[in-house]
Amino acid sequence: MRMLLAVDIGNSTICVGLFDEDRNLCFRASLDTDSRKTADQICLDLMNLFQLYQYDYHKVTGSILCSVVPPLNFMMQKALTRLLGKEPMVVGPGIKTGLNIRLTVQTQVGADIVADAVAALEKFQPPVVTIDMGTATTIGVISEGHTYEGGMLLPGVNVSLEALSRRAAQLPAISLEAPKMLIGKNTEECMRSGIVYGTASMLDGIIDRIREEFPDEYVTVVATGGNAPFILKYCRNEIIYDKNLLLDGLWTIYQKNK
């Protein structure tokens, strides 16, 4: 059985997914993003994941790496090469994606955004809006002809909440939880309501404005990322949640380039 290991290095967590030859996701796991780790430490982390989910890493025939944390790339590539016996494919310049990127500097498109866009085009008819809600909230717009038009970068939900607590002396550090009501009755409730409803309203406003750019077409919106399921239920627009959007995109990119 041929198996593919897909690794996405994000600012907060490293997402690891194992696909079988029929594109079934055997397991999906997360590790802390720590740029201080050596290749051996990363290698041990990956081995422990295979042991935890009871899969044999010797059966993995290829790997693909997507990263937005450059300081960790070398060690991760070294770890994957040591573990699997061959270098990983790295999403970056020179990799075939099938996207026509309309940016002034094409290499500035994040590898994660590219993977999201590739997966979205496989699953939905363009125009498509992708929303990836992690440490940052990234929004991409893909139109006819597999054209990546551009997008937006915004602070993530947790980043906004942490900034609010740190920069305002009288505001406490709080956990991200569902607000009990729209209009808060104490400091903590006001902060939670502001962050949750504020983020949801921001996404609704952006989606509405993007849809105005495509007046004669139906625009599909798909979201992924750790904070997405928490925020989407407060949005008024129809937004499809796809937990494995990025990993699916990595699988597709690998098939295009292997």
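Things to note:
- Pairwise FRET efficiency - Phe230 versus Asn186, Cβ, R0 = 25 Å, nearest 0.05: 0.75
- In plain terms, if you count all Cα to Cα distances in the range 1-120 and split them into 10 Å steps from zero, the share in each step is 13, 46, 32, 8, 1 percent.
- Rg in Å to one decimal, and Dmax rounded to a whole Å, for the chain via C-alpha atoms: 19.3, 58
- For the range 148-194, dividing the convex hull volume of the Cα atoms by the residue count gives 100 Å³ per residue.
- Cross-link partners of Lys243 among aspartates and glutamates (Cα-Cα below 17 Å; sequence separation of 8 or more within a chain): Asp8, Asp112, Asp116, Glu122, Asp132
- Cα-centred dipole magnitude for the chain, charges only on beta-carbon of K, R (+1) and D, E (-1), debye, nearest 20: 560
- C-alpha center-to-center spacing [the range 192-252, the range 38-62] in angstrom: 33
- Whole-number percent relative contact order across the range 27-174, with pairs defined as alpha carbons under 8 Å at least 6 apart: 15
- Between the listed residues Ala173, Gly198, Thr137, the Cα displaced farthest toward the positive end of the dipole of the range 114-254, a dipole computed from Cβ unit charges relative to the Cα centre, is found at Ala173.
- Tilt relative to the chain, helix 39-52 - C-alpha long axis, 0 to 90 degrees, to 10: 80
- The range 87-168: mean projected area of Cα convex hull, nm²: 7.1
- Within the accessible area of the chain (1.4 Å probe), percent carbon and sulfur: 49
- Computed over the chain, relative contact order equals 18 percent, with contacts defined as Cα pairs under 8 Å that lie 6+ residues apart.
- Sorted peptide list for 210-219, 63-72, criterion being average Cβ within 10 angstrom, highest first: 63-72, 210-219
- Antiparallel content of DSSP bridges confined to the chain, in %, to 5: 60
- Nearest-ten-degree value, helix 70-84 long axis tilted from longest Cα axis of the chain: 40
- Partner lysines whose Cα lies under 20 Å from the Cα of Lys78, excluding those fewer than 8 positions away in the same chain, are identified as Lys37, Lys59, Lys86, Lys258.
- Think of each Lys and Arg Cβ as +1 and each Asp and Glu Cβ as -1; about the Cα centre, that makes the dipole of the range 155-258 roughly 420 debye.
- Contour excess over end-to-end distance, with Cα ends at Leu25 and Thr61 and 0.36 nm allotted per residue: 11.5 nm
- Angle of helix 157-167 to the longest C-alpha principal axis of the chain, folded into 0 to 90 degrees and rounded to 10: 60°.
The values are calculated or read from the model by the stated rules, or taken from the named source; none is laboratory data. Just so it is clear, the structure is predicted and the values come from calculations on it, not from any experiment. Don't worry about glycine lacking a Cβ; one is built from the backbone with ideal geometry, like all the others, and counts go over all protein chains shown. Only protein heavy atoms, including side chains, enter the accessible area calculation; ligands, DNA and RNA are left aside. Shrake-Rupley method; radii C 1.70, N 1.55, O 1.52, S 1.80 Å.
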